[in-house]
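Taking it in order: structure first as structure tokens, then the write-up.
The values are calculated or read from the model by the stated rules, or taken from the named source; none is laboratory data. As the structure is a computational prediction, the values presented were derived from the model and not from experiment. Glycine also receives a Cβ, built like all others from the backbone with ideal geometry; neighbour counts cover every protein chain displayed.
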Amino acid sequence: MRPSPLRMLAFLAAILALYAFGEHSLFTLIGLTLGSVAMVLAYLSEYRAGCVLAMLVVVIAAASASPLMTVTELGSLMNAVLGLFLPVLAVIWFALVTGSEEAYWYGQRLGPVLQAAAFVLLCVFSVPITVAVIGIMSPNISVRFSEFEEISIILLFEAVGAAALSFREVRPPSA
């Protein structure tokens with residue numbers, strides 16, 4: 001399958017967003033740059049396994065450069081969504097459509113992409129949802145979570161979401 005300039009442009013925009021919104025050390029810059037170059041080379045040679053492996057390097061470097069301290073403040077939450085979630089989702093989509101026609105068809109299906117996006121957004125908004133529910137149930141209580149409490153809430157939502165997704169039956173595509 002021929003490489004698409006539009007797809008390459010979306011990938012480059014996602015990588016630039018990861019550079020712009022992160023607090024990078026020398027090692028994260030090297031990881032992000034080498035992973036991005038490896039993804040482009042794998043994409044141009046239509047080698048999906050290499051592109052997915054390079055995607056893991058890019059995602060790990062982007063996550064380690066993310067300056068998130070709390071997800072209860074709007075600025076941090078927007079930085080998580082705009083600076084990490086959307087660009088990483090674009091990078092993952094770019095890696096999924098690399099290679100054969102079957103890989104392209106799989107990457108064009110919106111169902112798995114929307115499920116993954118809903119799962120990640122549920123995890124990102126889990127702390128604000130918890131704060132809102134506590135505020136509605138007990139309006140006289142002032143709620144402030146430490147970083148460890150926020151992480152535990154996110155992990156709890158992650159576990160419940162993963163359990164819910166594991167009960168879903170995966171059907172092969174119809175002919």
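General observations
- Checking each residue in the range 112-143 for being outside any helix (DSSP H, G or I) and farther than 11 Å from Phe157 by Cβ picks out Ser138, Pro139, Asn140, Ile141, Ser142, Val143.
- Residue among Ser138, Ser126 that alone is among the polar types (S, T, N, Q), loosely packed, with under 15 Cβ neighbours inside 10 Å, modelled with pLDDT of 80 or more and not assigned by TED's automatic domain parsing to the domain that holds Leu74: Ser138
- Residues being hydroxyl-bearing (Ser, Thr, Tyr) and either at pLDDT 80 or above or touching a Cys at 6+ places or on another chain (Cβ under 8 Å) (or both) are entirely absent from the range 164-174.
- Residue-level check: of (1) assigned by TED's automatic domain parsing to the domain that holds Val58; (2) in a helix (DSSP H, G or I); (3) modelled with pLDDT under 75; (4) surrounded by 15 or more Cβ atoms within 10 Å (Cβ to Cβ), Glu102 misses just (4).
- Scanning the range 66-98 for residues that are modelled with pLDDT under 70 and buried (at least 18 other Cβ atoms within 10 Å of the Cβ) yields a total of 1.
- Cβ-Cβ under 6 Å pairs, at least 6 apart or on other chains, the range 132-154 side closer than 19 Å to Leu74 by Cβ, far side among the hydroxyl-bearing types (Ser, Thr, Tyr): Ile153/Ser126; Ile153/Thr130; Ile154/Ser126
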